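Here's the structure, in structure tokens; my notes come after.
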Amino acid sequence: SPDQFEENVATNSSNPRDVVEFAIKIPSKDSTIYLPIDSKFPLEYYSKLRDALDTGDKTLIENARKELGRQIKNEAKTISKYIDVPNTTDFAIMFLPTESLYIEAIEMGLFEVCQKEFRVNISGPTTLSAIINSLRLGFNSLEIQKRSGEVFKLLGAVKTEFNKFAEALSSTQKKF
């Protein structure tokens, strides 16, 4: 929901001019921490790879893959500057806009590299949707836990009032 994320947020206190496109607000005991999510569109490099694949030239394909890999790693490095524990999670998410680009990054081993070197997880449309749905379910569980505490307080108050009512009824019955 709109109150569970922010747009264009400065998540890193040492770099207040650097803003991440989206940050999911995750409730914690004392405050809110952010999960930075930034989208990257290295589509020019991906198009070069697609064109190279169409030619079938192995050298051209290899060079295009290296160039795409370099660009994705550079983007991950850029996104890593939004990580500022304890203000944020200890990782960020790079959103790649197409499933085919995401799959190419996975096949190139970039998911593990970006995660290990920069603490940035790569995500495509489907995986980002799954992550957000998982977080939504977690938020719903937290809300239920908060509400259950309120319900128990209300039930305690009702019990107290019911006991008072029973005492008053008993007293009235004795007088009657």
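Some observations on this one:
- Ligands, DNA and RNA excluded, the heavy atoms of R65 present near 80 Å² of accessible surface to a 1.4 Å solvent probe.
- Given K77/K116; K73/K116; K48/K116, the pairs whose alpha carbons are separated by over 18 Å: K48/K116
- Helix 125-175 and the longest principal axis of the C-alpha atoms of the chain enclose an angle of approximately 0°.
- As computed over the stretch 49-104, the Cα convex hull volume per residue (Å³): 79 Å³
- Rounded D (µm²/s) - the chain, Kirkwood Rh over Cα pairs, Stokes-Einstein at 25 °C, 0.890 mPa s: 125 µm²/s
- Relative to the longest principal axis of the Cα atoms of the chain, helix 43-55 runs at roughly 50 degrees.
- Cβ-defined net charge surrounding E7, 12 Å radius [Lys, Arg +1; Asp, Glu -1]: -2
- Cα centroid of the stretch 47-123 to Cα centroid of the stretch 14-39, whole Å: 21 Å
- Helix axis angle, 58-80 relative to the chain longest principal axis, alpha carbon, degrees: 40 degrees
- In the context of the full set of protein chains, the chain has a per residue accessible area of 66 Å² (1.4 Å probe).
- Taking the protein heavy atoms of the stretch 1-120 in the context of the full set of protein chains, the accessible area attributed to carbon and sulfur is 49 percent at 1.4 Å.
- Listed pairs K29/K153; K25/K81; K25/K153 exceeding 24 Å between Cα atoms: K25/K153
The values are calculated or read from the model by the stated rules, or taken from the named source; none is laboratory data. These figures come from a predicted structure and were not determined experimentally. Note: ideal-geometry Cβ built from the backbone for every residue, glycine included; neighbour counts use all protein chains shown. Side chains included, ligands, DNA and RNA excluded: accessible areas come from the protein's heavy atoms. Shrake-Rupley method; radii C 1.70, N 1.55, O 1.52, S 1.80 Å.
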